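See below for the structure under consideration.
Read-outs: derived from the displayed coordinates by stated rules, not from any lab. As the structure is a prediction and not an experimental result, all values here were calculated from the model. Here the Cβ is made from the backbone with ideal geometry for all residues, glycine too, and neighbour counts use every protein chain on show.
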Amino acid sequence: MEKKESRLNKPEAGHFKRSGGTGYYHVREFRVTEPEIYEIGQDITLAEVVKIGDQVDITGKTKGRGFQGVMKRHGFGGGKASHGSGFHRAPGSIGCSAYPGRVVKGKKMPGHMGTDKQTVKNLTVVDVREDENILLVQGAVPGAKNGLVSIYTKA
């Protein structure tokens, strides 16, 4: 998405001026195998890179779920629901008493869930709509709607 020149800071403005393009909200660098085909400031469309039937890897940031308990975060079973047990969604025992006398690292406990980098591999390209610059793939794409993703083609 293009960014107005008035909203660019000085380093961004200098970078875009040198490349001969307009400002963008999101800028990423990618390593290319054949650098002689690309020029600085060139816009690359999906139709140039992928075609129908190609296999692609898509990387995105998963949906954030905030602070979650062990049942949602790690799939724990929980305790009995009846007979007044009082143990429903808690994690249970978390460590030993004498040795090692601490909670071991990596113990599955409640905490922040989501907003992790996730890559889904080997998705098949179903359609490429050149006029709208849209890529349709078969399978799950990580992240929320309208989120940023990186698409890597199989070389």
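For the chain, the dipole from Cβ point charges (+1 on Lys and Arg, -1 on Asp and Glu) about the Cα centre works out to 1540 debye, to the nearest 20. Cut-off 10 angstrom, C-alpha nodes, Gaussian network model of the chain. Which of Val32, Val128, Val141 fluctuates the most? Judging by the Gaussian network model, the answer is Val32.
By the count of other C-beta atoms within 10 Å, a proxy for reagent exposure, Thr45, Thr33, Thr124 are ordered fewest to most as Thr33, Thr45, Thr124. As a rough footprinting exposure proxy, the listed residues Asp116, Asp54 were ranked by other beta carbons within 10 Å of their own, and the order from fewest upward is Asp116, Asp54.
Note on the chain: with a GNM built from Cα contacts shorter than 10 Å, the maximum mean-square fluctuation among Arg73, Arg89, Arg31 falls on Arg31. In a DSSP loop and with at most 11 other Cβ atoms within 10 Å, the GluC sites (Glu not before Pro) in the stretch 1-98 are Glu29, Glu39.
Remark: spin-label model distance Tyr38-Arg102 equals 4.6 nm, labels positioned 7 Å along the Cα→Cβ axis. Between Glu2 and Asp54, the modelled labels are 2.5 nm apart [label points 7 Å from Cα along Cα→Cβ]. Within the shell of other residues whose beta carbon sits under 14 angstrom from the beta carbon of Ser93, the net charge comes to +3, with Lys and Arg scored +1 and Asp and Glu -1. From the residues Val49, Met71, Thr119, which one has its Cα farthest along the dipole of the chain in the positive direction, the dipole being from +1 and -1 charges on Cβ of Lys/Arg and Asp/Glu about the Cα centre? In the chain, that residue is Met71.
The simple Förster model, with R0 at 22 Å and r as the Cβ-Cβ distance, assigns Val126 and Val149 a FRET efficiency of 0.85.
Relative to the longest principal axis of the Cα atoms of the chain, the long axis of helix 10-19 lies at roughly 50 degrees. What does the charge add up to near Pro142, with Lys and Arg as +1, Asp and Glu as -1, over the other residues with Cβ less than 15 Å from its Cβ? My count for the surroundings of Pro142 gives +4.
Scaling the Cα radius of gyration of the chain by the globular reference 2.2 N^0.38 Å produces a ratio of 1.58.
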